[in-house]
Amino acid sequence: MAVAGIDMGALATKVVILEGDRILAATTLATGETGETEAYKAMEEALRQAGLKLEEIKSVISTGTGRKRVLFAQKQRTAMSCHAKGAYFLFPQVRTLIDVGAESAAAIRLSADGKVEDSVGNDKCAAGTGIFLDAMSRMLRVSLGEMGAESLKATGTVPISSMCVIFAESEVISHVHKDPPIPCANILAGIHDSIVDRLFGMGQRVGMEPEVVMTGGVSKNIGIIRAMESKLGMKVLVPEDPQIVGALGAALFAQQENGIRESC
Amino acid sequence: MQNPVMQEMIDNLRKWKVEYQDTDFKPTLAYLDLVARYFERANSARDERKPLVGHLTLCPTEIFYAMDLVPLEVAMYGLFKTFLGGVGSYLEMAAQFGLPPEICSVHRATDAMTIEGAFPRPDIFVATTQTCDNVPKTVEVMAELYKSPYFILDCPYTYTERTVNYRVREYQDLIRFLEEQTGRKMDYDRLKEAVRKSYRVTELCVEINQLKKAVPAPLPCEGIFAQAAVNFLLAGTDEAVEFFTLMRDEVKWRVDHRIGAIPNERFRLLLPFVIPFWDMSLMEWMQQEHGATIVMDLVSIWAEDGKWFRDPDKPLENLARKTFFNPGYQLQGPMTDLLECVVQNAIDSKVDGAVIFAHRGCRSFGACIRSVKDELQKLGVLSVVIDCDIVDKSFTSREEVVEKLEGFFERLEERKGASGVVN
């Protein structure tokens, strides 16, 4: 019996179709202006991958900032709960989850049985989110996909002191135009450190305990992961597809809601 | 001549009363009447040739009433304006005046209302250092803008006999100041009477607090702020005694008949601080959507069951002692007072969770949030911290607050064993 979870974020809509413990399909599409249309499209794509029709999906639960716009979902759940649920499914040893999306970030502490014990979010400020990286990517003319790997080539790092994206841009510009020039990799390293400092601070507010898992689109950036590991002094676990964890969690809740899976 | 801005607010309070006319919680209508009359007196003081005393939170209103002065709690006026339409334009004006956003928005709004002449010009200003360090600064700004004399009462950090005596001397100095400024002499028999009535209010409030802890919790959300407001504005008056007698009787009746604030109480909550004043309907939303009642809140809690009244012939000593007992004491003194208060009330009220609205401008409380959370966690009480501004609604939208509350209620539901999924 298949269920689906749909995570409609600010920039990307993710769908997971789950049957038992098997992920039958996982899709990620850009969230458009209407939201609802893109939710249908993402769902259709996931159904196509899974070889199923919508009528064969027992239950759909939506999550994310746009969850109330997914009209074909039977129920909703907050992003915090779904990310925690999905991360715990993938890594039962997780105790601290840091989810970093396009426009928001959250640090969540979980109990040994996967329940959320505490959480703190940053949904007010672009610092420490994907938008910050996006802005820097455009400024330095390094693609988002390459930023992380490039940052690992750094021979040093430059501090980016500003908490605000706009002011950080000014700082980066001044670094770019320094004489003698500062290697781009070092500036990138500074940018990554700046983001990780914010995320680390959030983590400290809830209390960071191993194992630490990172999810969300920004965790696909290897530079962020390495910077966080360096800050923590321990390995950080990242799912194979860190963007779908929220949708996975929503699908797991759909199983729970329909008695297919026990609550934990 | 009456102030038109204040008159508009009074008219809105009267309209609000009409909206609540079908409420089944009778004290609500009495409360709205009381508050409207309070502001009407302030607005008429000049016409009636009575000195108007502008003051901020936790000032000894008993002294003002005993001298037949008309008090106007300016910060409370700002909060009522926040409920009834917002103070956004005043916050913009405060920014233009040069007040940075890091300053508590309650004070920014108050200063801006002063610049705009949004309330009648007080003849005198009085403040105490008790609530926070911004209070005396705000009063100094207001006094300068209105060219009125002012007096700052110094409140010691800890409660000892020495600090009570110090406070008595502060009150003596205040009375001398008021006598000089108004030409009126203090009638100490009236003061003793006002203090006696104030203590009666405390007794009733403490009784109400005990009743509030019943299961199901009897007090609907509309009663929560009423309790604090009437105490802060009218302690020392017959009106306050009558109001709290009515409230106590109503709450007691509910407890005796096992009538809760809502039919199916699902969660009991503690409010270790205050709720955003720009949308008090959040409390109703919690009640209706999640069966969650706020059983206890910080601004209703007295220290040590409120037993501040000793010798009836020593009114100033009683008032000085009251300083360390009245709601709000938790924020000015040692953090241990706040933590003990939170812990004890969480236990006594059998709460499931705590909602901490982290007002960005409040250093007094902000510095304690982590400690409050840790103490609640030791008790097994779930808490959520919501970064917001209690007056400036542009800082955090209702949607953001609701999102965080929904996540919190999901956690509470999971703890109860439900799946926590909502429609």
Check your understanding: Just a yes or no: is a residue in the range B:189-202 in contact (Cβ under 8 Å) with a residue 12 or more places away in the chain and surrounded by fewer than 16 Cβ atoms within 10 Å (Cβ to Cβ)?
Key -> no
Check your understanding: What do you reckon, is A:PRO181 of a type outside the set (S, T, N, Q), part of a loop (DSSP other than H, G, I, E, B) and at pLDDT 95 or above?
Key -> no
Point to revise | Some residue of the range A:202-211 being more than 14 Å from every other protein chain (Cβ to nearest Cβ), in contact with a His (Cβ under 6 Å, 6 or more places away or on another chain) and modelled with pLDDT of 95 or more | key: no
Study note, to complete from the structure: Only one of A:VAL120, A:VAL60, A:VAL100 is of a type in the set (Val, Ile, Thr) and either in the same structural domain as A:MET43 (by TED's automatic domain parsing) or farther than 21 Å from A:ILE225 by Cβ (or both), namely A:VAL60
Point to revise | Single match in A:ILE173, A:ILE222 (criterion: exposed (fewer than 15 other Cβ atoms within 10 Å of the Cβ), away from chain B (no Cβ under 14 Å) and farther than 24 Å from A:LYS115 by Cβ) | key: A:ILE173
Exercise for review: Identify the single condition in (1) more than 25 Å from A:LEU110 (Cα to Cα); (2) without any contact (Cβ under 8 Å) to a residue 60 or more places away in the chain that A:ARG69 does not satisfy, given that it satisfies every other one.
Suggested key: (2)
Review point. Which members of the range B:1-25 meet the condition of being part of a loop (DSSP other than H, G, I, E, B) and among the charged types (D, E, K, R)?
Key: B:ASP22, B:ASP24
Exercise for review: With a cut-off of at least 2 residues that are touching a Leu at 6+ places or on another chain (Cβ under 8 Å) and more than 14 Å from chain A (Cβ to nearest Cβ), name the helices (runs of 4 or more DSSP H) lying wholly within the range B:324-423.
Suggested key: B:329-332, B:335-348, B:363-366
Exercise for review: From A:ALA112, A:ALA102, grab the single residue that is more than 14 Å from chain B (Cβ to nearest Cβ) and crowded, with 18+ Cβ neighbours inside 10 Å.
Suggested key: A:ALA102
Review point. What residue, among those in the range A:47-80 that are among the small types (Gly, Ala, Ser) and under 24 Å from A:MET214 (Cα atoms), is nearest to the other protein chains (Cβ to nearest Cβ)?
Key: A:ALA79
**Study point:** Subset tally (residues that are among the acidic types (Asp, Glu) and either without any contact (Cβ under 8 Å) to a residue 40 or more places away in the chain or under 16 Å from B:LEU219 (Cα atoms) (or both)) for the range B:290-314
**Key:** 3
Review point. Restricting attention to the range A:116-154, which residues are modelled with pLDDT under 90, within 29 Å of B:VAL355 (Cβ to Cβ) and touching a Gly at 6+ places or on another chain (Cβ under 8 Å)?
Key: A:ASN122, A:THR129
**Study point:** helices (runs of 4 or more DSSP H) wholly inside the range B:164-281 that include at least 2 residues being at pLDDT below 95
**Key:** B:222-234
Check your understanding: Which condition number in (1) away from every other protein chain (no Cβ under 14 Å); (2) outside any loop (DSSP other than H, G, I, E, B); (3) under 12 Å from the mean Cα position of the chain (by Cα) is the one that A:PRO239 fails?
Key -> (2)
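Conditions (1) more than 22 Å from A:MET1 (Cα to Cα); (2) more than 19 Å from the chain's Cα centre (by Cα), marked per residue:
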| position | (1), (2) |
| --- | --- |
| A:ILE23 | no, no |
| A:ALA26 | no, no |
| A:LYS53 | no, yes |
| A:THR63 | no, no |
| A:GLN76 | no, no |
| A:LEU90 | no, no |
| A:ALA112 | yes, yes |
| A:SER119 | yes, no |
Study note, to complete from the structure: Of the residues in the range A:51-93, those that are small (Gly, Ala, Ser) and not in a helix (DSSP H, G or I) come to A:GLY51, A:SER59, A:SER62, A:GLY64, A:GLY66, A:ALA73
Practice item. Confirm whether A:GLU36 is closer than 16 Å to B:LYS404 by Cα and not basic (Lys, Arg). Key: no
Review point. Take the residues of the range A:115-124 that are crowded, with 17+ Cβ neighbours inside 10 Å and closer than 30 Å to A:CYS164 by Cβ: which is farthest from the other protein chains (Cβ to nearest Cβ)?
Key: A:ASN122
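The values are calculated or read from the model by the stated rules, or taken from the named source; none is laboratory data. Given the structure is predicted, the values throughout are model-derived calculations rather than measurements. Don't worry about glycine lacking a Cβ; one is built from the backbone with ideal geometry, like all the others, and counts go over all protein chains shown.
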